[in-house]
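Colleague: I am attaching a structure below and will ask some questions about it afterwards.
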Amino acid sequence: MQNTVTPTHCPYCALQCGMNLTPEQDGGVAVVERPDFPVNRGALCGKGRTAPAVLSSSVRLTSPLVRNNGVLEPATWDEALGRITEALSRTRTEHGPDACGVFGGGGLTNEKAYTLGKFARVVLGTSQIDYNGRFCMSSAAAGGIKAFGLDRGLPFPLEDIPKTGCVILVGSNLAETMPPALRYLTELKANGGKLIVIDPRRTRTAEQADVHLAPRPGTDLALALGLLHLVVAEGRTDEAYIQERTSGWEEARAAAMAHWPELVERITGVSVPQLRETVRLFCEPESAMVLTARGPEQQSKGTDTVGAWINLCLATGRAGRPLSGYGCLTGQGNGQGGREHGQKADQLPGYRKLDDPAARRHVADVWGVDPDSLPGPGRSAYELLDALGTDIRALLLMASNPVVSAPRAAHIEERIKSLDFLAVCDVVLSETAALADVVLPVTQWAEETGTLTNLEGRVLLRRRAITPPEGIRSDLEVMHELAARLGVEKGFPTDPEEVFEELRRASAGGPADYSGITYRRLAEENGVFWPCPAEAPEPQQGGADAPAPPARKPLPGTASGTASAAAQDGEDAALDLLPDDPAGDAGPTAPAGARQGDAEPGAAAAAHPGTPRLFLDRFATPDGRGRFVTVTHRPLAEEPDDEYPVLLTTGRVVAQYQSGAQTRRVDELNAAAPGPFVELHPRLAERLGAKEGDALAVVSRRGRATAPARITTSIRPDTVFMPFHWPGEGRANTLTNPALDPTSRMPEFKACAVRVERA
Ligand code: SF4
């Protein structure tokens, strides 16, 4: 047993809390506090603390499984890989390359996401690849790109939050989804800042708020427009900023003025005095932020809703200013990096667009293939899953469990069952893996090294701490083997660092430029914010036109803290950390809008320090201006009616994570959150004659789910809530609506019409 401590990161959410792992006598690891990582400073939620339990779980897969006569049975790796190879080859021959689908996940490391996209396009030649992150934050990504020309969840580090004057938190329950992040809000309040929480439920996060607005689900767009109306009416716009840094204001202003406060009160249920108080608290301080999460984003108008909140920031001069702006709180562990490296249906590594000829040439050159051989954009996640068994005949799936997590899940389960062939890589027999023809057991977080990019855009190194059990292989090894068996001998290394070196070259010059980042830097600097080109930036000249640097005290050990402290010393600490730079020939420059936020004027630097803060000089649009979008309120795809008179909204509980594939295998977490429930207001419960714990059936046009009643005044009387972590009778996603946002292709998870009955 090695007597070492391995600094690494949690396997679950996008906060990517730092933790230390120490070896145990039985060959496992224990989690120990890691106070040097600035994001969580040692704090962990119950999921992070208990994460090693999944490594040694008795239900862990330790052998490949193949289906014989309808039953999954243990098999050798050779047989399992042989079956996958044969099925994919046959499908391509008989139905064409697009009959092979690939479905990835937001929990895959950057290296795996990159390799999976390359595998789909180079080995299979299919356009049909997307991933479950499409269900997570695609509307925020689309909204950010429209307005700012670039999507990075938070364009500033979390450490800025306590120093701003006001935060509007829209549709996020941080207290349950990422508890260590709650301290940023409590510190904000301790510093005198104001917190406004917008959520149909009075969550544990909402209880911390100075103002809690509880709009009717699906009306966040109208709410943002109503606030902007009041900003204009009360003369609180920043006209100089609008003139200098934005475009499209007149049209957006006219749209907002059509949403007068009394109308917005009728649509949302939020009173006019509450709207006015929100505007006052948001506009009076020097700085303010809007942070959104899945509430406003998982709607069939999610992109427009995000645009409306960004409009509010632009009109008040908040975006691209120190300690201010709009940000999205990404959910999955690598929700940010997972969308940057090519597993999205429409994107290539470096966050490049698949239909951009220059991007295709660049990536094809790195991959050593003809650009014309790369397929074009494919279907989005729900559309891909909906095409299973018809246009798509065989599917390779990694790090996802759509039987539980997809909208209209019973229908998707049937589509999966109708496939000619399904191969799944997983660590346990998830509900989706249980339907597969071949299941491959793969390594977990503590058994492999790789990088992830957290919700701040901070690239992190997750380190291998223990040897995986006998019979387990990594996803990279799986793709290497399958590529070779399908005729591509080279280009699919199994060493994560080797993959990362190629990813650096592929991303060079793109919006998400990683070319200046190395494993060595990640280890020594505790993470680096992208964009980080291989070239050092020109020294900042400062002067009257330069925005003031953010007023903050850098935390020791952060990328930003390292750079700032080094700059004060007249040298860049990163200088000594870079080995020979294989990406140096690419000669990339930071994308428009990316400022080397922390370098002090006059500081010479040989290595780019990364970019904790974006847009301080200009946005990443062609003209450098932030773009207002012209948006108007529209109803949900499915409004309540006589047959389905109640709204359902869904979300997470603190002790479970996403589809629960891992956390439902941890005793301590199951004890804390053993199953689904239906949260409803006492008035609705009274109408139903239901008492606490009674079995309720929630019925939508797509199916029926049953769970015990949890009666509380913390939810609106017209709305019920169900967590979505469980399969079977209590599966909330049986009910949810797959109506898609026209831009992001995000399904409308967050609100649909249901009726509630005694079961
Ligand atoms: Fe931190 Fe998220 Fe892991 Fe909890 S689940 S310890 S909040 S990274």
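Colleague: Binning at 10 angstrom from zero up to the longest distance, how are the C-alpha pair distances of the stretch 138-328 distributed in percent?
Modeller: So the P(r) values, bin by bin, are 10, 41, 40, 9, 0.
Colleague: Further question on the same structure: So if we plug the beta-carbon distance of Asp718 and Val71 into 1/(1 + (r/R0)^6) with R0 = 60 Å, what FRET efficiency do we get, rounded to 0.05?
Modeller: 0.80
Colleague: Now for a separate question. What length, rounded to one decimal in nm, is gained on full extension from Asp641 through to Glu757, with 0.36 nm per residue of separation minus their alpha-carbon distance?
Modeller: 40.2 nm
Colleague: What ranking do 716-724, 359-367 get when scored by the average of other Cβ atoms within 10 Å per residue, highest first?
Modeller: 716-724, 359-367
Colleague: Using a Cα-Cα cut-off of under 24 Å, which lysines could be cross-linked to Lys301, ignoring same-chain neighbours fewer than 8 residues away?
Modeller: Result set, ordered by chain and number: Lys146, Lys344, Lys353, Lys750.
Colleague: Hey, another quick one. Given points 7 Å out from each Cα along the Cα-Cβ axis, report the Asp370 to His95 separation in nanometres with one decimal.
Modeller: Calculated label separation equals 2.6 nm.
Colleague: With r defined as the distance between the Cβ atoms of Arg520 and Glu187 and R0 fixed at 25 Å, what FRET efficiency is calculated, to the nearest 0.05?
Modeller: In this case the efficiency is close to 0.15.
Colleague: I need the fraction of alpha carbon pairs in the stretch 115-203 separated by more than 16 Å, rounded to a whole percent. If you can, show how the numbers build up before the last one.
Modeller: Working: 2703 of 3916 pairs.
More than 16 Å apart: 69 percent of the Cα pairs in the stretch 115-203.
Colleague: From largest to smallest, what semi-axes in whole angstrom does the stretch 1-79 give when each is the square root of 5 times an eigenvalue of its alpha carbon gyration tensor?
Modeller: On the way: eigenvalues 219, 49, 20 Å².
Over the Cα atoms of the stretch 1-79, the ellipsoid semi-axes are 33, 16, 10 Å.
Colleague: For the chain, state the semi-axes of the equivalent ellipsoid (square roots of 5 times the eigenvalues of the alpha-carbon gyration tensor), sorted largest first and rounded to whole angstrom.
Modeller: 36, 34, 25
Colleague: Between Glu414 and Asp667, how many nm apart are label points set 7 Å from Cα along the C-beta direction?
Modeller: The two pseudo-label positions are separated by 4.1 nm.
Colleague: Given points 7 Å out from each Cα along the Cα-Cβ axis, report the Ala258 to Lys490 separation in nanometres with one decimal.
Modeller: For Ala258 paired with Lys490, the spin-label model returns 5.9 nm.
Colleague: Could you work out [θ]222 nm for the chain from helices alone, using -39500 (n - 2.57) per DSSP H run of at least four and dividing by all its residues? Round to the nearest 500 deg cm²/dmol.
Modeller: Theoretical 222 nm ellipticity from helices: -8000 deg cm²/dmol.
Colleague: Using per-residue counts of other Cβ atoms within 10 Å, averaged over each peptide, order 631-638, 138-145, 92-99 from highest down.
Modeller: The most tightly packed comes first, giving 138-145, 631-638, 92-99.
Colleague: What whole-number volume per residue, in cubic angstrom, does the convex hull of the C-alpha atoms of the stretch 646-758 give?
Modeller: With only Cα atoms used, the stretch 646-758 gives 104 Å³ per residue.
Colleague: How high is the relative contact order of the chain, given as a whole-number percent (alpha carbon pairs under 8 Å, six or more residues apart)?
Modeller: 18 percent.
Colleague: Want the number for Ala240 to Asp346: 0.36 nm per residue separation, take away the alpha-carbon distance, what's left?
Modeller: Difference between extended and current length: 34.5 nm.
Colleague: Can you give the FRET efficiency for Glu498 and Asp391, using 1/(1 + (r/R0)^6), R0 = 45 Å, r = Cβ-Cβ distance, to the nearest 0.05?
Modeller: Computed FRET efficiency for Glu498 and Asp391 comes out at 0.80.
Colleague: Let me ask something additional. Please work out how much length the chain gains when fully extended from Ala53 to Arg204, using 0.36 nm per residue of separation minus the C-alpha to C-alpha distance, in nm with one decimal.
Modeller: Details: separation 151, 0.36 × 151 = 54.36 nm, distance 2.71 nm.
Stretched out fully, the Ala53 to Arg204 stretch lengthens by 51.7 nm.
Colleague: Among Gln444, Tyr382, Val32, flag the residue with its Cα farthest along the positive direction of the charge dipole of the chain, charges on Cβ as +1 for Lys/Arg and -1 for Asp/Glu.
Modeller: Tyr382
Colleague: If we sort 265-276, 294-305 on the protection proxy, mean other Cβ atoms within 10 Å, highest first, what's the order?
Modeller: Those peptides, ordered most packed to least, come out 294-305, 265-276.
Colleague: Place a +1 charge on the Cβ of each Lys and Arg in the chain and a -1 charge on the Cβ of each Asp and Glu, then give the dipole magnitude about the Cα centre in debye, rounded to the nearest 20.
Modeller: 1800
Colleague: Counting other C-beta atoms within 10 Å, which of Met398, Met137, Met257 has the fewest, and how do the rest follow?
Modeller: On the way: Met398 25, Met137 34, Met257 13.
Exposure proxy ranking, most exposed first: Met257, Met398, Met137.
Colleague: What net charge do the residues around Asn173 carry, taking every other residue with its C-beta under 13 Å from that of Asn173, with Lys and Arg at +1 and Asp and Glu at -1?
Modeller: Details: positive: Arg201, Arg202, Arg204, Arg294, Arg652, Lys750; negative: Glu176, Asp199, Glu207, Glu679.
Every neighbour counted, the sum reads +2.
Colleague: Using a Cα-Cα cut-off of under 22 Å, which lysines could be cross-linked to Lys189, ignoring same-chain neighbours fewer than 8 residues away?
Modeller: Lys163, Lys553
Laboratory data are not the source of any read-out in this text; all were calculated from the coordinates shown. Predicted model only: the values in this text are computed from it and were never measured. Every residue, glycine among them, receives a Cβ derived from its backbone with ideal geometry; neighbour counts consider all protein chains shown.
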